[in-house]
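The values are calculated or read from the model by the stated rules, or taken from the named source; none is laboratory data. On a predicted model such as this, the values are computed, not experimentally measured, just so you know. Note: ideal-geometry Cβ built from the backbone for every residue, glycine included; neighbour counts use all protein chains shown.
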Amino acid sequence: ISMSVVQRGMENYKNVMASPSKPAWKSLCQPDSTESGIVEDDSDLEEVEESFERYDPKVILPSSLPEVESITNMKFDPTAQINGPSDLYQHPDGNVKTRVRPHFRHLFEHSASSSFFAYIPVYYWVEVLHQTNKAMRAHELEKKLSTNKPFTLQELMTFLGILFFMKLVVKGEHANYWGRQIEDCIVGGNHTGLDKVMALSRFKLLRQHFCFRHVPKAARAAMDPVRRIRPLLNMLKITEGKYVEVGRDVSLDEASVASKTKYGRRLIMFNPMKPGGKYHFRVYTLCCATTWIAINFRVHCASDLSDRLQGVVSKETIEALRQELDELSTVRSQVMEVVRPLYHTNRVINADNYYMSVQLLAALRVKGLYGRGTIRGNSLHFPHHVVLKKKECRRGQYRQALSVAHEMVAVAWYDSAVVKMVSNADKSSETVLTRRVGSQLQPFPAPLRVSEYNTNMQGVDRLDQLRERFSLADGHTFKKWYKKLGMAFVDIARVNAYMTRKLTIDVTRDRDPHRSFVAELAEEQISGKWMEAPSDRRMFYSARGESGVAAAVEASAMWHCGGVEPSTMSSPQKSCVALNSKQIFGDKMRRRHCVVCRWEDRFPTVVTDHCTLHGVSLCQIVHTTAAKPYFCQQPTWTCWE
């Protein structure tokens, strides 16, 4: 720029800064002359002694799950003491053990098949039969094969009974169960094969096309990886906690189903420490700590919350739960989803160090639950000053600290290794544990929460042991991975049925009650005695509309002999149960005819329901024809009534 422009700028700056309306900086820094004579008067101030006490600000406990994630620090005092919570869950009579609800006892006292159908009802198996027939028809059209006869409900039950029988009596490949048996050659006699039960070709055909849900190829791009067994998963989520009143303590852990399939890569986990194999499906499971009954679960996969809870809770509840879980970390959101059925019951969740953290205990308290479990030493907010060094301590020594505001205890205890735990369900007291040293048992001091954890943490492991015995998933090979995973959940339902039945009847005289239960279940499914099982006030089939969606069946749609309601039954009674006659008799049209229409000289319709108690097929139509002496005298009644 030119010199003249610089000179003009300097003049303008002087004129602006010298404006009388803007005081200079120097004058602003000088004191006011009128205030120079003022003297400060501190005669009314009291002298306070010096205090070196630590300032303890008021702790505001989190009131929502997002506030749990915002916790920045937590104070643990090694000298404090707490008495533990006083509002832990207990039944109205003061008992804390799991028990069967009184109005469902007759379902489990009746038979093994009745117990099994309580968790996976017959009307669900009717839908499985429909999906299996649909899959077979689609395969025949795609491969241009000859049409096979559709499967019936009795054939499906016989198929399941044969699968259980094959786990009870192991003979190798399937062909060994048909034809002449090996026992005839070894010890003589005339042992019976399965030829009279089901033909081998029919068994293999049903095994090939068996599916829990047929998904057409056009719809296989959906986001839910377990869409083929999703109805079974959601059905179990509804029924697993329905029949028992769970006790105070439950355990949370992962169950595993071994599998080496290369097609289920989005679900397969790698863990070389698992006894079943390195590769397995993982299922986060919540179990009763004393009876080992599964209460809830979640399959490890990238699925949407609406798919996992569809039909289990309302859409409004799903959206509210989604908003809360989105604010949590991945592990904590999985735990809070699995323990959802126990919200606000003051029960105690026992978990290992894969799930447990200080923030998880705070999240459980927000939802009205307590927690106890082992924890990793580097977990956030865990007090490091309680951690013991293995080389500097002896067996039985422990160190603990308490957060009085959160009523939480953190402890490190040395057994054969240093164990770190947190709990908000126990008091800060000491107990004695016995350990074998050489050939002698010696007592060692331990915190109370260590003993409670050892007692109540084995639920899921025990469930896995019972599931793997007589397992349909581990004992049978399937080409499709979703069939294997679905059969694993059928095994879970079988174990739940066995453990619940064990709570209602005396099995102390049985040498092996679990084997006896599976043998009874297989016998009833093969012989057809499963039809005598009492229902839970629901039809054994679903009425289908034009859209093909199963319609909900009202509670009043179940007819009972003599008008006796199931809830008022003092003991199991036989009742008239409506089964779709097409699912029972298939192509036997004459057996499906309405016997009342035939008696009243009308054209007998084949759209009927079969009564398993009286062995007749009847329609649900009201006929308004002129009454004759041998007609029903109630013109408004259907043939069934």
With the requirement that a residue be in contact (Cβ under 8 Å) with a residue 40 or more places away in the chain, farther than 19 Å from His209 by Cα and hydroxyl-bearing (Ser, Thr, Tyr), what does the range 450-508 give you? Tyr453, Thr455, Ser471, Tyr498, Thr500, Thr504
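Do we find a residue being of a type in the set (Val, Ile, Thr) and either surrounded by 18 or more Cβ atoms within 10 Å (Cβ to Cβ) or touching a strand residue (DSSP E or B) at 6+ places or on another chain (Cβ under 9 Å) (or both) anywhere in the range 304-314?
Of all residues in the range 304-314, those of a type in the set (Val, Ile, Thr) come to 312-313.
Remaining after also requiring either surrounded by 18 or more Cβ atoms within 10 Å (Cβ to Cβ) or touching a strand residue (DSSP E or B) at 6+ places or on another chain (Cβ under 9 Å) (or both): none.
Checked against the condition, which is being of a type in the set (Val, Ile, Thr) and either surrounded by 18 or more Cβ atoms within 10 Å (Cβ to Cβ) or touching a strand residue (DSSP E or B) at 6+ places or on another chain (Cβ under 9 Å) (or both), the range 304-314 yields no hits at all.
Let me confirm something: among Glu109, Glu142, Glu127, which residue is of a type in the set (Asp, Glu), at negative phi and out of contact with any Ser or Thr (no Cβ under 7 Å at 6 or more places or on another chain)? Steps first, answer last, please.
Working: Glu109 fails: out of contact with any Ser or Thr (no Cβ under 7 Å at 6 or more places or on another chain); Glu127 fails: out of contact with any Ser or Thr (no Cβ under 7 Å at 6 or more places or on another chain).
That would be Glu142, the only listed residue that is of a type in the set (Asp, Glu), at negative phi and out of contact with any Ser or Thr (no Cβ under 7 Å at 6 or more places or on another chain).
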Going through the range 338-389 one residue at a time, which ones are in a loop (DSSP other than H, G, I, E, B), touching a Leu at 6+ places or on another chain (Cβ under 9 Å) and charged (D, E, K, R)? Arg347, Asp352, Lys367
Unique residue being within 19 Å of Phe76 (Cα to Cα) and assigned to a loop (DSSP other than H, G, I, E, B) when the list is Ala401, Ala425, Ala412: Ala425
Any residue in the range 139-153 that is within 31 Å of the chain's Cα centre (by Cα) and not in a loop (DSSP other than H, G, I, E, B)? yes
Among the residues of the range 68-94, which ones are over 15 Å from Ser403 (Cα atoms) and either in contact with a Gly (Cβ under 7 Å, 6 or more places away or on another chain) or touching a residue at least 60 places away in the same chain (Cβ under 8 Å) (or both)? Val68, Glu69, Asp87, Leu88, Tyr89, Gln90, His91
Any residue that is farther than 24 Å from Lys149 by Cα, more than 42 Å from the chain's Cα centre (by Cα), modelled with pLDDT under 75 and part of a loop (DSSP other than H, G, I, E, B) - is there at least one of those in the range 606-620? no
Inspect all residues belonging to the range 474-490 and state whether any of them is in contact with a strand residue (DSSP E or B) (Cβ under 6 Å, 6 or more places away or on another chain) and under 30 Å from Arg265 (Cβ atoms). yes
